[in-house]
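Just below is one structure, and these are the notes that go with it.
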Amino acid sequence: MPGAGTKAPPFQPWREALKQVLLNMTTYDTIPYPSYSYPQSAPGTLSAIARIFGMQPTHVTKARVLEIGCASGGNLLPLAARYPAATFLGVDLSEKQIEQAKQQASALDLENITFEAKSILEFDIKEEKFDYIIAHGVYSWVPANVQERILEICGENLSNNGVAFVSYNTLPGWNAVKTIRDMMLYHTRNFDEPAQKVLEARRILNFVIEGLEAASGPHKQILEREVNTLKETDDNYLLHDHLEVINDPCYFHEFMEKAGKHGLIYLGDAGLPSMFLGNYTERVSNTLRQIDDTIRQEQYLDFIDNRRFRETLLVKEGCSLNRRLTPAILDGLRFIPCYDLSQPIETGSEGTVENLDLVALQGGRKANMIGKIACVAYVALLRAAPLPQSLDEIAASAADISDIDKKVIRKEFGVLALKLIFNGVLSVTTDNVPYHIKTPSEKPKAFPVARLQSLTMNKVPNLRHEIVTLSNDLKLVFQYVTGENSKEQIAELLKEHIEKGELTLHVNGKPLEKDSPDIEQYLPQYIDARIMNLANSALLVG
Ligand SMILES: C[S@@+](CC[C@H](N)C(=O)[O-])C[C@H]1O[C@@H](n2cnc3c(N)ncnc32)[C@H](O)[C@@H]1O
């Protein structure tokens, strides 16, 4: 029995709740939340989805953006750096996190971003309108009156063509997580110190799994799956996402009912494939197609998927939405591949392939692309990565590598692209700021926000607002990619790290001694490879 021998006071849920509500005021100050960029909440993505459903949203380059519960600004700072003519406001209860956000904004000389330490309940600027309002990872973790206020702010402060992004835990999927959470809350109820709480939470999970060693059946399977997922998570995430006193999942239809009271309607889900009936069995899609109500339709999909998390996009009542999609809606959008080739194509045959085996960049799912135009267009898109491409650009470069006319490619791939978006093979953005660098300059320059954050974190935002995890040696190179150092100068700087034993070069898998004469020969290649890696990860601006 864990903790056997210590005499615990009786478990009184109301007392625990009160104690944790009081503690909750400061948990984010004691242990800040790791603050990252979320591409699904980026205005470029939100506006692309709004366009798909027939709206004319404000372009990201001149948008006014509000983030509620912005933590230390990990989501807003990269956007502010990318779009100097847009304005950004971040609000969070935690003074410590807001202080960190302000320090970063000032270190980056960003003048278009403001951070305010205040409660959502105190936020009161009715007259100011925002084109995009983001509340990522907040709604389910705050009391009912704060939840209500989040939706009220979206209703009051969203511009007429604005889009709000609200993420939250959903039922029925969260029921399985709740089982684990209840165990952790019960076991850690007498530990107030956050680090100890996390340690004990992990202990009870291991204890339960050990207890199920000889068992079989669904209970064991469910617990094992949940526990294994939590094993991979950071302590900060475990503390805030699972051990906070409030964690209030709801059904999608309940959420939409509340949003409706604030004059908000459903635009769509940030993950478009989850809305597409074509991704379900024929019987399911035929049955649900008969329901002329997107919310009811999607609620049934949540039952089927046992969905546990949603990222809902809301717009103001009165926005006229078009749910009958045609390829014409793709004009003005740019495409990003979500799958890579599972094997390289033979050189010279890029323009003639008729079948591609693909693997998802996230999660490793396999897919197959069939047809010459589809394949050649997809290869062209992959070759342009990390730059998002318009349909015209895809068609032009696909025509260059094949014998097919670009108008034919444009037309046929335009029809297919719509399907590929809803199948999750392509993602979309309206972001057309020419910022990504495919060929690094003589003095390569890192995306400044990413470089600043790499000094304290392994995960940094790239120019597509994705999170990139840097290895330790890449982090080392990254700090010298300032736009002021040539590759030769970077080599000199890295030699000091090699001498101190902080960096080891490998040749054919074997480490080079720090005083090896081969270092002179291999260091330039090493740097070139790392710089190309940074460029391909959309982390360079020069
Ligand atoms: C789980 S974190 C999510 C942070 C960030 N949005 C993200 O997804 O990475 C929740 C954030 O909401 C903030 N928060 C909680 N209650 C709040 C309130 N009443 N007013 C403003 N911010 C609040 C916390 O300080 C914390 O930074």
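The values are calculated or read from the model by the stated rules, or taken from the named source; none is laboratory data. None of these values were measured; they are calculated from a predicted model. FYI the Cβ positions are ideal-geometry reconstructions off the backbone, even for glycines, and counts take in every protein chain you see. Side chains are part of the model used for accessible areas, which takes the heavy atoms of the whole protein and leaves out ligands, DNA and RNA. Shrake-Rupley method; radii C 1.70, N 1.55, O 1.52, S 1.80 Å.
Pairs needed: first member in segment 150-171, more than 17 Å from E127 (Cα to Cα); second member anywhere, of a type in the set (S, T, Y) and in a helix (DSSP H, G or I); C-beta distance under 6 Å; at least 6 residues apart or different chains.
What qualifies is F165/S41; V166/Y139; Y168/Y139; Y168/S140; N169/S140.
Hey, among K475, K495, which residue is open to solvent by less than 60 Å² (accessible area, probe 1.4 Å), under 27 Å from S37 (Cβ atoms) and not in a loop (DSSP other than H, G, I, E, B)? Break it down into steps so the answer makes sense when it comes.
On the way: K495 fails: under 27 Å from S37 (Cβ atoms).
Just one listed residue meets the conditions, K475.
Going residue by residue through segment 456-468, is there one that turns out to be open to solvent by 30 Å² or more (accessible area, probe 1.4 Å), among the β-branched types (V, I, T) and without any contact (Cβ under 8 Å) to a residue 12 or more places away in the chain? If you could, list the steps in order and put the result at the bottom.
Residues of segment 456-468 open to solvent by 30 Å² or more (accessible area, probe 1.4 Å): 456-459, 464, 466-467.
Right, trim to among the β-branched types (V, I, T) and you get 456, 467.
Retained after the next criterion (residues that are without any contact (Cβ under 8 Å) to a residue 12 or more places away in the chain): 456.
Yes, because at least one residue in segment 456-468 is open to solvent by 30 Å² or more (accessible area, probe 1.4 Å), among the β-branched types (V, I, T) and without any contact (Cβ under 8 Å) to a residue 12 or more places away in the chain.
How many residues, within segment 62-107, are of a type in the set (A, V, I, L, M, F, W, C), part of a loop (DSSP other than H, G, I, E, B) and buried (at least 24 other Cβ atoms within 10 Å of the Cβ)?
Of the residues in that region, 3 qualify.
Would you call D124 assigned by TED's automatic domain parsing to the domain that holds T58, under 26 Å from L267 (Cβ atoms), more than 12 Å from the ligand (Cβ to nearest atom) and modelled with pLDDT under 95?
For D124, the condition - assigned by TED's automatic domain parsing to the domain that holds T58, under 26 Å from L267 (Cβ atoms), more than 12 Å from the ligand (Cβ to nearest atom) and modelled with pLDDT under 95 - is met.
Going through N279, N247 one at a time, which residue ends up being polar (S, T, N, Q) and out of contact with any strand residue (DSSP E or B) (no Cβ under 9 Å at 6 or more places or on another chain)?
Criteria check complete, one pass: N279.
Can you name every residue in segment 66-82 that is farther than 17 Å from Q40 by Cα and in contact (Cβ under 8 Å) with a residue 60 or more places away in the chain?
A81
Among D403, D473, which is the only one that is of a type in the set (D, E) and closer than 29 Å to P524 by Cβ?
D473
Could you list, in sequence order, all residues of segment 66-88 that are hydroxyl-bearing (S, T, Y) and more than 12 Å from the ligand (Cβ to nearest atom)?
Those that are hydroxyl-bearing (S, T, Y) and more than 12 Å from the ligand (Cβ to nearest atom): Y83, T87.
Residue by residue, here is whether (1) in a loop (DSSP other than H, G, I, E, B); (2) open to solvent by less than 40 Å² (accessible area, probe 1.4 Å) holds:
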site	(1), (2)
I404	yes, yes
K407	no, no
R410	no, no
F413	no, yes
A417	no, yes
I421	no, yes
N432	yes, no
S441	yes, no
R451	no, no
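If a residue counts only when it is free of Cβ contacts under 8 Å to residues at least 60 places away in the same chain, which strands (runs of 3 or more DSSP E) contained entirely in segment 301-357 have at least 1 such residues?
Output list reads 339-341.
What is the number of the single condition among (1) more than 8 Å from the ligand (Cβ to nearest atom); (2) open to solvent by 10 Å² or more (accessible area, probe 1.4 Å); (3) more than 22 Å from N169 (Cβ to Cβ) that K118 does not meet?
(1)
D131 passes all but one of (1) part of a strand (DSSP E or B); (2) more than 16 Å from the ligand (Cβ to nearest atom); (3) over 30 Å from R51 (Cβ atoms); which number fails?
Of (1) part of a strand (DSSP E or B); (2) more than 16 Å from the ligand (Cβ to nearest atom); (3) over 30 Å from R51 (Cβ atoms), only one is false for D131: (3).
Quick test for you: out of I153, I209, I180, pick the one residue that is of a type in the set (V, I, T), open to solvent by less than 20 Å² (accessible area, probe 1.4 Å), outside the structural domain of F303 (by TED's automatic domain parsing) and over 22 Å from the mean Cα position of the chain (by Cα).
Matching residue, one of I153, I209, I180: I180.
Hey, can you tell me all the residues within segment 40-65 that are within 17 Å of the chain's Cα centre (by Cα) and either within 12 Å of the ligand (Cβ to nearest atom) or without any contact (Cβ under 8 Å) to a residue 60 or more places away in the chain (or both)?
Of everything in segment 40-65, those that are within 17 Å of the chain's Cα centre (by Cα) and either within 12 Å of the ligand (Cβ to nearest atom) or without any contact (Cβ under 8 Å) to a residue 60 or more places away in the chain (or both) turn out to be Q40, S41.
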